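Throughout, read-outs are computed from the coordinates displayed, never taken from laboratory work. It should be emphasised that the depicted structure is a prediction, and the values quoted were computed from it without experimental measurement. Virtual Cβ from ideal backbone geometry, glycine too; neighbours counted across all protein chains shown.
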Amino acid sequence: VRNLFLVRHGETVYNTENRIGGDSSLTPRGEEQAEALAEHFATVRIPIIFTSNHRRTLQTARPIAARQEPCSIIALPELNEIHAGVCEGLTYEEARQKMPEVARGRAADKYRYVYPGGEGYATMAERVVRGLKKVFYLGNYDENIMIVGHRAVNRMILSRFLSRQEEEIPYIYIPQDRYYHIRIDPYKRSFELVPYRS
Ligand code: G3H
């Protein structure tokens, strides 16, 4: 693997409502972002794209794959977004009002906090690492790889490459109009946050 392109899915209906979790679809803006990514990567050879099982990552990957010939999309459940348990489907504001202890717990220690009935950053680490191992096992050593993931999952993936304190991981910036370009070289690694819209 020479280059790992770590992309977040495009804007979803839930994103526009500031809603947690779920399996919502891309908005027209999210579809435009996927098209813009496809255009951006049209001249970069990407034979394999990994996604989660969630609609939003597959919907983002498909136009990119369509511009690559051939390109496989592999959906890995290990790359699914953090499961927010009792807070799934609520807006952050609704969660704050109905379950103030959740917001308090996350504010106190967001990395170790586990959503009741769901996951936390710390408890999802093992499965994300398992997913990443599959990614490197299935991708050819000398070919580029793309992962279309989620905010929390991409933070966990980045933390494997960047040396960050655990406390900082849940706050790593994962925008939807840029992607992380990770160059993997035995002697040198580099990271770049690249905008894809002109
Ligand atoms: O729906 C889940 C979010 O993408 C994760 O972000 O851990 O900052 O709430 P958060």
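One table, with the values for the structure above:
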item	result
Residue in the range 155-178 that is near the ligand (Cβ under 10 Å from one of its atoms), in a loop (DSSP other than H, G, I, E, B), farther than 24 Å from Asn53 by Cα and in contact (Cβ under 8 Å) with a residue 60 or more places away in the chain present	no
Residues located in the range 52-72, provided they are of a type outside the set (Gly, Ala, Ser) and within 20 Å of Arg127 (Cβ to Cβ)	Asn53, His54, Arg55, Arg56, Thr57, Leu58
Residue that is surrounded by the fewest Cβ atoms within 10 Å (Cβ to Cβ), among those in the range 18-48 that are of a type in the set (A, V, I, L, M, F, W, C) and in contact with a Phe, Trp or Tyr (Cβ under 9 Å, 6 or more places away or on another chain)	Val44
Test for Lys133: is it farther than 20 Å from His9 by Cβ, surrounded by 15 or more Cβ atoms within 10 Å (Cβ to Cβ) and either in contact (Cβ under 8 Å) with a residue 60 or more places away in the chain or away from the ligand (no atom under 14 Å from the Cβ) (or both)	no
Condition check for Arg62: in contact (Cβ under 8 Å) with a residue 24 or more places away in the chain and over 13 Å from Ile147 (Cα atoms)	no
